[in-house]
Amino acid sequence: MSAPPIRKIVIVGGGTAGWMAAAALSKVLGAMPGLAITLIESEAIGTVGVGEATIPQIVHFNKLLGINEAEFMRETHATYKLGIEFVDWTRLGHSYVHPFGQYGIDMLGIEFHHFWLKGLALGDATALDAYSIGAMAGKAGRFYWPETGNPNSPLARLAYAFQFDAGRYARFLRRRAEEAGVTRVEGRVTQIEQHPETGFVTRVALENGTQVDGELFIDCSGFRSLLLGQTLGVPFLDWSKWLPCDRAVAISCTKRETGAEDQPLTRSTARKAGWQWRIPLQHRVGNGHVYASAFMSEDEATETLLAHLDGTPLASPNHIRFTGGHRTRVWEKNVVALGLAGGFLEPLESTAIHLVQSGIARLLAYFPSTAFTQVEIDRFNAETAQDYLDIRDFLVLHYKATARNDSEFWNYCRTLDPPDGLKAKLDMFRSSGRIVREHNELFTETSWLSVMACQGIVASDHHPAAALLPDDEVLRRLSHVRGVIASAVSQMPTQDQFLASIGGAIDPAMRLSA
C-alpha cells in the first residue's frame, strides 16, 4: 500500500535558492491536493548575493515557470551572456572567450575542431574564438536570439544565459511564488525539533515563538547549513587541495558612460593569487575578487579589487569566507539542501545558480512520499555528488592549464597533480585531440575544448578523417566559416538595441553612472 503523499513542505531560508525552490515547487506541484509550501526567512539575515551570472540552463528554468523574458530582463535589470572572457589565465596579456553554443560546423561526420587542429598544423594560426559566433558577437557587444529552427543559420549554433541582480531575481520569484500560494513566514529559526526515533526533522521554532511543522524540509540557509550540517551532522567534503581559493571580496560599482562595458560577456581576470569577476548589468557592474588566503591578505585582495573597477563603488566591500567542496549527502532523512547549504564551488564558471536549479529538478524527479524510501534518496545523492565532481574537475582545469609562473599561487596551481577524471581528459586530448565527455556531465565538448585549447594544452594529433580533405580545402573551409560568422555578427543588433526592441530595457534613469 502506498504511503501518504507529502502535504507540508517547509523551505528554511530565502534568497535566490529559497525562492527558486518555492517558485518551481509551487508551479509543478501546486495542484497536489492539500499541499502547503511555507518559506521561512529573516530580513535580519543577509544573503551572499554574488551569484549574478548564469549558464544557458537558466533559460529553461525560466521557461518552466512561464516567465516572460522581456519582463524578467526589466525586473532584474538583466543583461545577456554569450560566454565568459578569460583574461591573463594562460599567460599575462592573453585572453579568450569560453562561449556558449558550438564552434564552427562538423564535417565528414566528425567534430569541427579536428579540422581546426589540422589547420593549425598547416600554419593557419587563427584563434579558436573566430569560429564561435557566441565569442565574436560577445566581443562585438551584439546579441540576438538563437535560430534553433533553422539549422543552416550560424545563429543556430548560439546559446545564451543571463546576468542579473540576484536580489531582484529573488524578489521577482517571490512574487510569483506567493501568487501561486506559497506562504512566507518572517523570522529567524532558533530551534529545530526531531522525531525521537527516526531523527527526522518535524518542526522548526522561530525567535518570535512561531512554530512551523513540516514533512519535507528544504535547507536553503546558506553556509550555515542549519538543518543538513548543524542538525543532522552530515559531514563536508573539503576540496581545498585542488581549489585553494577560500576567500572573496565583492562590490558593485557604477557603469562607465562609454559602451565598452555593454558586451554580453562575464569577464574573469586572473590576479596574483586568484581572479576577479566583472558582471555588467543594465544599471551597474558587479565585481569580486576570489583569492587564496594562504597567498594573499584580505587587505591586499581588497586593494586589488578596488584598483580595477570601472566606476565608483556603490557600497562597502563584502567579505566572504568559504571552503570548496560539498556535503557528502545533500539529502538526509527528510531534509534536502539546496545552494550553499549543500556545498560551494567558486563562481569561476557561474555554476552556483545552476546547482540550485539541478537540485530542484532532481528533487522533482525523485519527489518522495512520506515513506522517504532510501533507494531514491541514495540515487539523488549519487547524482548530486557526480555533478559537484564534474564541475570541480572543470574548474581545476583552469588553474592547472597555465603557463603563469609569476607568483607562488600560480606555481602551486600549475604543478598540482590533477584529479583522476581531469587527468584522463587531458591525456586523451594531448594524444589525439579528442574530447571525452562522461555520462551526461554539465560541461559540453565545446567547453572542454575552449579551456584546454585556449590555455595551452596542445593536441599532438587530430582525427584521421580530417585528412580526407585536401589541405587547401581545409584552409578554404576554415576561412569560409570565419567569414560566415563575421558577416552574421555584423548584422546582429547591439545588446542595448536588442533589449530596447523586445521591451527588456530598464528606464535610463535607473542606470547608476559615475
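The values are calculated or read from the model by the stated rules, or taken from the named source; none is laboratory data. The shown structure was predicted, so the numbers you read here are calculated from the model rather than taken from an experiment. Because the Cβ atoms are built from the backbone with ideal geometry, glycine has one as well, and the counts that use them run over all protein chains shown.
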Out of curiosity, is Leu363 assigned to a helix (DSSP H, G or I), in the same structural domain as Phe223 (by TED's automatic domain parsing) and within 21 Å of the chain's Cα centre (by Cα)? yes
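Among the listed residues Asp472, Asp496, identify the single one that is exposed (fewer than 15 other Cβ atoms within 10 Å of the Cβ), of a type in the set (D, E, K, R) and not assigned by TED's automatic domain parsing to the domain that holds Leu314. First the steps, then the outcome.
On the way: Asp496 fails: exposed (fewer than 15 other Cβ atoms within 10 Å of the Cβ).
The conditions single out Asp472.
One line per residue, one yes/no per condition, for (1) over 25 Å from Ile55 (Cα atoms); (2) of a type in the set (A, V, I, L, M); (3) in contact (Cβ under 8 Å) with a residue 12 or more places away in the chain:
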position: Thr266; (1), (2), (3): no, no, yes
position: Lys272; (1), (2), (3): yes, no, yes
position: Gln282; (1), (2), (3): no, no, yes
position: Asn287; (1), (2), (3): no, no, yes
position: Val290; (1), (2), (3): no, yes, yes
position: Phe295; (1), (2), (3): yes, no, yes
position: Thr304; (1), (2), (3): yes, no, yes
position: His319; (1), (2), (3): no, no, yes
Checking Thr446 against (1) crowded, with 20+ Cβ neighbours inside 10 Å; (2) touching a helix residue (DSSP H, G or I) at 6+ places or on another chain (Cβ under 7 Å): exactly one of these is not met. Which one? (2)
Does Phe394 fit the bill of being on the phi > 0 side of the Ramachandran plot and of a type in the set (A, V, I, L, M, F, W, C)? no
The condition from (1) charged (D, E, K, R); (2) closer than 15 Å to Val330 by Cα; (3) not assigned by TED's automatic domain parsing to the domain that holds Val28 that Asp393 misses is numbered (2)
Identify the single condition in (1) buried (at least 24 other Cβ atoms within 10 Å of the Cβ); (2) within 27 Å of Lys400 (Cα to Cα) that Glu85 does not satisfy, given that it satisfies every other one. (1)
By residue number, the members of the stretch 145-159 that are at pLDDT 95 or above and in a loop (DSSP other than H, G, I, E, B) are Trp145, Pro146, Leu158, Ala159
So, first residue farther than 12 Å from Phe61 by Cα in the stretch 357-371, second residue hydrophobic (A, V, I, L, M, F, W, C) and surrounded by fewer than 18 Cβ atoms within 10 Å (Cβ to Cβ), Cβ within less than 9 Å, six or more apart or across chains; the pairs are Leu364/Val28; Leu364/Leu29; Phe367/Val28; Phe367/Leu29; Pro368/Ala3; Ser369/Ala3; Thr370/Ala3; Ala371/Ala3
Is there a residue in the stretch 202-222 that is free of Cβ contacts under 8 Å to residues at least 12 places away in the same chain, farther than 27 Å from Val59 by Cβ and of a type in the set (Asp, Glu)? no
Go through the stretch 421-471 and give me each residue that's in contact with a strand residue (DSSP E or B) (Cβ under 8 Å, 6 or more places away or on another chain) and β-branched (Val, Ile, Thr). Thr446, Val451
For the stretch 336-379, the count of residues that are hydrophobic (A, V, I, L, M, F, W, C) and more than 20 Å from Val234 (Cα to Cα) equals 8
When only residues in the stretch 189-225 that are under 27 Å from the mean Cα position of the chain (by Cα) and small (Gly, Ala, Ser) count, which is farthest from Thr16 (Cα to Cα)? Ser225
So is Ala170 crowded, with 21+ Cβ neighbours inside 10 Å and in contact with a Lys or Arg (Cβ under 6 Å, 6 or more places away or on another chain) or not? no
Flagged in the stretch 126-144 as crowded, with 24+ Cβ neighbours inside 10 Å and in a helix (DSSP H, G or I), in numbering order, are Tyr131, Ile133, Gly134, Ala135, Ala137, Gly138
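Could you tell me whether Asp471 is in contact with a Leu (Cβ under 7 Å, 6 or more places away or on another chain) and in contact (Cβ under 8 Å) with a residue 40 or more places away in the chain?
Judged against the criteria, Asp471 is a match.
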Out of all the residues in the stretch 257-264, is one or more buried (at least 23 other Cβ atoms within 10 Å of the Cβ) and touching a residue at least 24 places away in the same chain (Cβ under 8 Å)? yes
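Would you confirm whether or not the stretch 38-51 contains a residue that is in contact with a His (Cβ under 7 Å, 6 or more places away or on another chain), buried (at least 20 other Cβ atoms within 10 Å of the Cβ), β-branched (Val, Ile, Thr) and at pLDDT 95 or above?
There is no residue in the stretch 38-51 that is in contact with a His (Cβ under 7 Å, 6 or more places away or on another chain), buried (at least 20 other Cβ atoms within 10 Å of the Cβ), β-branched (Val, Ile, Thr) and at pLDDT 95 or above.
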Within the stretch 175-198, can you find the residues that are more than 21 Å from Glu43 (Cβ to Cβ) and either in a loop (DSSP other than H, G, I, E, B) or touching a Phe, Trp or Tyr at 6+ places or on another chain (Cβ under 9 Å) (or both)? Ala180, Gly181, Gln194, His195, Pro196, Glu197, Thr198
Check off (1) among the hydroxyl-bearing types (Ser, Thr, Tyr); (2) more than 24 Å from Leu243 (Cα to Cα); (3) surrounded by 14 or more Cβ atoms within 10 Å (Cβ to Cβ) for Tyr399 and give me the number that stays unchecked. (2)
If you take just the helices (runs of 4 or more DSSP H) that sit entirely in the stretch 402-463, which of them hold at least 3 residues that are modelled with pLDDT under 95 and within 21 Å of the chain's Cα centre (by Cα)? none
Thr254 fails exactly one of the following numbered conditions: (1) among the polar types (S, T, N, Q); (2) touching a Gly at 6+ places or on another chain (Cβ under 6 Å); (3) closer than 20 Å to Gly229 by Cα. What is the number of that condition? (3)
